[in-house]
1. Could you give each residue of the stretch 118-134 its phi-based ³J(HN,Hα) in whole Hz, using Karplus coefficients 6.51, -1.76, 1.60 with θ = phi - 60°, and x for Gly or Pro?
2. Where does the stretch 63-241 land on Rg/Rh, using Cα atoms and the Kirkwood Rh?
Amino acid sequence: MCMRPPLSQTGYTAQCQDYPVPGRNCRASFGGWTMHGLVAVGLVSWAIAQPPPAPRAPRAVGLALRAVEQVTLKNGTRLIGLITSPDTAGEVTLVADREWLRRHAPREFAQATLGDAERGGAILAEQRARLEAWHKSRAEWEALAAHLQSELAAIVEREARWKKQPEPPSQLVLVRVPQLKIRRVFRKPAADRRLAAAAWELKLSDVENRGASSLLAEVREHGVKLDTHQPDLSDRFGLLAQTDEQWQARKALVEYKFLREPAFQGMGAVLVRVGARGQAADLAQLVPELIQERLQGQLAELLGGSQGQQSAEHQQTAIKKALADLPAEEFTGCQITVLDHDAGLRQVRVTGWFFVRFSEGAWREIWQTAITADPANVSPERLEDLKADPQIQGIEKVFDGLGLGGSGDVLETALRFGAATQEAQLAVDKAFGEYLSESTRALVGYPVWVPPSPLP
């Protein structure tokens, strides 16, 4: 029998007077607690005293399932963010989260942020001088002049604050990597890019590693509808220097945003100026010219040439002539939209450009997109709506005068062609509108991409 002291008695005992069960020992106790109990209490007390474990970072999903893009360098470094430069550029420009870049690519982070605090004041002073000169040169354009005056006042105020205390580090960082240092570039569709930008805009966590579906769910929880929302990251970069050419490109975009001219539209090598001072394109007058241009292309093909090559050459000639005819001192930017199609009208393509006139007088393309559409996908309801359009009825008379009428199939083919063209045109207009909005939100912000060589 194991002798234990009463509960009121304290003290340690480890004595046993007898062992009523063979092989069973008495356990040492302390004030009625067994040694096993004391050990358990000690472990629990120790666990309670420890700080809570750090939350485990979400496991990264495969790159194909994420919303971000990646640039892999030849030294093995992986840069994750959003690529903003076209494939034709001599370097890749990538936007990355500052903290992510600092942790995962310290060398590239140091290069991208070198001298941030020191050059901020110089950037503001340069931008103030540029705005003053711009405002003075466009004083006769009242709406633009008022906008520039407001931007100038904001720059002056920001410069004064900077002299007292530099601004805190920005959320996003711009990283430039020469093509020679790059092993691989992984790009994502526009929908994923928009999602990643919206996640940055909302300052969601771990954007670089999470799957697109996870980000989309959280973005929707914030009430953001990505089909209509255009993320605004113009204030997330801090102060970035702009070259003279980048500044000229931004000026041209801002002026076009206010004037909405000059602009040209056309088909093949036939361009017509549209907009505030240009007349809307008269499709009835264009039809004979378009047919003639196509017949000339087909004739060249019969004589051994390439119709596609001839058409492209004529198109470039028409674009150069349209740009050269613009007043040198009046316009710095121009939008051009051109329609093209295959020989059987089975597919239409609308291409949009934006050109900028630089100091040397040469025009350069800084933006381009092309959208294709299939005439066979036009609905019967859409065809009926088009047949009731007075302008379409005018074109039908032109076709009759050229001996091309008298066939319902011909008219339906033309209508399907027109509807598909309009669909592609609207998509090009939307893409340019988004580009214009992104490039003009902030005059001191992310630089506009400019190609290295002028239009030949």
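We did not get these values from a lab; they are worked out from the coordinates using the rules stated. If you're wondering where the values come from, they're calculated on a predicted model, not measured in any experiment.
1. Going residue by residue, I get 6, 8, x, x, 5, 5, 5, 5, 5, 5, 5, 5, 5, 5, 4, 5, 5 Hz, with x marking Gly and Pro.
2. On the way: Rg = 18.6 Å, Rh = 18.3 Å.
Value, to two decimals: 1.02.
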